[in-house]
Every structure is written in structure tokens, then in C-alpha cells.
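Note sheet for the following structure.
The values are calculated or read from the model by the stated rules, or taken from the named source; none is laboratory data. Fair warning: this is a prediction, and the values are worked out from it, not measured in the lab. When we count neighbours, we look across all protein chains shown, and the Cβ atoms used for this are built from the backbone with ideal geometry, even at glycine.
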């Protein structure tokens, strides 16, 4: 038996790749009838999966009051279409009473580009105690994704049931100091097109907030952290806060856990 040497392996490799990719190319080119005639299998469908992430579940200690703060996001669906639920708020546990559900959103999300999805749905806000409770509903349109250099961006336009409109923006980034130790800075702001005195919101830029958290991932799904958060109210919103006798700047030490299922 004579063994012949392949003189041009690159040609053989190219031919093999073409033969292997021909079914996929035919399907992508719209030639479904031809694929069925050949007895080829259908493409893998968009699998339905879900996840619930508590990005922040923390105890925040300040000069005047302490609170338990929380922020979560959950979704169910495929790569292209998803049902999304988001929430953020705080509950005062020392130095005061009451709290706030800053946002609770139920959204439909659709992938419009790699790493970017547009979202639309309804939202809810509630401020409770120690005085009368205030709540309102929203129509929400948002954009969420990864900007260049892996900055996570989340922004939304909210129009309340009374016609008041505002825009929220938040960005965060994960610095991997080691495989388990992660430093996460984050920054956020909001802009209101109308004054809503009932919720202490002035027209214009309402506030700027920033945080820095250092977490240790015992597992990817469970990571305790420590850090600091800072928020400063601006413009008309700061004026409304002063009229109510509240501080316009808040600095807190935080300790909590980030986890997902």
C-alpha cells in the first residue's frame, strides 16, 4: 500500500470547510426548500432561559439614617425576545421611617444589535411613610447594553400617568483585580422635564449619584461586598429638599451581597 503526501493541505482544509458550511449557508440564504429536500436538520431554535440578579442587596449606614437598599433585574426568554422585570428602592431602618420603591418596571425587551436591547413597558413608583404615601405609574422606554470597553449602560425615558416626563441614566464597570476580587464603580443621574413637587422632583437635572463597591466572588453566583455610595441633589430638586428641611448631599458606607440564580 502506498501512502501519498498531501501537497496542499490548505486547499483540502478550505474544501472541507465549504462542504461543512454548505447546509448553514443554504439555510441563511433562504433556500429552505432545498434544505428540506436534502433532509437536513432545522437550525437550533432560540432557547428559552431565565435569570434573577440582585445587583445590590445592602445595608447603607449614613450620618442621619441607615437603610436597606436593593436593586434587582430578572428576565425570561431567548436571545432576541425577553420579558424583563427591574426594581430599585430603599427602606429606612434607623434614624427615620418609611422608604421608597424608586422604580418597579415590567418590560418587553428585544435585541437590536449585538449586546444592545431596546425595552418598553410599564413602571411604578411609591414613596411611603412617615407622612402620606405617594405613588404613580409610568410608560417606560429604555435602552440597555454594553458600550465599548465593556461599560454597562442602562437608560430609560419615563412618562407618568399625569404626563410628567423624565430620563434616567446609569453606567457601571467591573475591574477584575483578580479572578475573584472585583472593583465596581458606578454613576447615575436623572433629568426631569417638569417639576413634580409631590415627589420632591424639580425641573432639570435632579441629582448625581456615584458608588464604589469591592466584592469577592466566593462563587460567580454569590459575592459579598463593601463600599461607599454618594448622592447629591441639584438645581430645583435641591431647593425643594431644603424647603422640606432635608440635606442635599448623602454619603454612606455600604455592605451587602451580589447574587444571581
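Quick notes
- Failed item, numbered, when residue 131 is tested on (1) closer than 29 Å to residue 244 by Cβ; (2) at pLDDT 95 or above: (2)
- Hey, residue 144 in contact with a strand residue (DSSP E or B) (Cβ under 8 Å, 6 or more places away or on another chain) and crowded, with 17+ Cβ neighbours inside 10 Å or not: yes
- Annotation note: of 192, 255, 238, 165, the sole residue that is in the same structural domain as residue 140 (by TED's automatic domain parsing), surrounded by 14 or more Cβ atoms within 10 Å (Cβ to Cβ) and either farther than 25 Å from residue 143 by Cα or within 19 Å of the chain's Cα centre (by Cα) (or both) is 238.
- Total residues in region 189-203, condition within 22 Å of residue 131 (Cβ to Cβ) and touching a helix residue (DSSP H, G or I) at 6+ places or on another chain (Cβ under 7 Å): 5
- Matching residues, region 125-141, being under 26 Å from residue 81 (Cα atoms) and buried (at least 16 other Cβ atoms within 10 Å of the Cβ): 125, 138, 140
- Residue within region 211-227 that is in contact with a helix residue (DSSP H, G or I) (Cβ under 8 Å, 6 or more places away or on another chain), part of a loop (DSSP other than H, G, I, E, B) and surrounded by 16 or more Cβ atoms within 10 Å (Cβ to Cβ) present: no
- Screening the candidates 212, 251, 181, 177 for the property of being within 23 Å of residue 99 (Cα to Cα), in contact with a strand residue (DSSP E or B) (Cβ under 9 Å, 6 or more places away or on another chain) and free of Cβ contacts under 8 Å to residues at least 40 places away in the same chain yields one hit, 212.
- For the residues 140, 208, 182, the requirement of being modelled with pLDDT of 95 or more, under 16 Å from the mean Cα position of the chain (by Cα) and part of a strand (DSSP E or B) singles out 140.
- Filter result for the condition that a residue is in contact with a strand residue (DSSP E or B) (Cβ under 8 Å, 6 or more places away or on another chain) and within 20 Å of residue 86 (Cα to Cα), over 201, 167: 167
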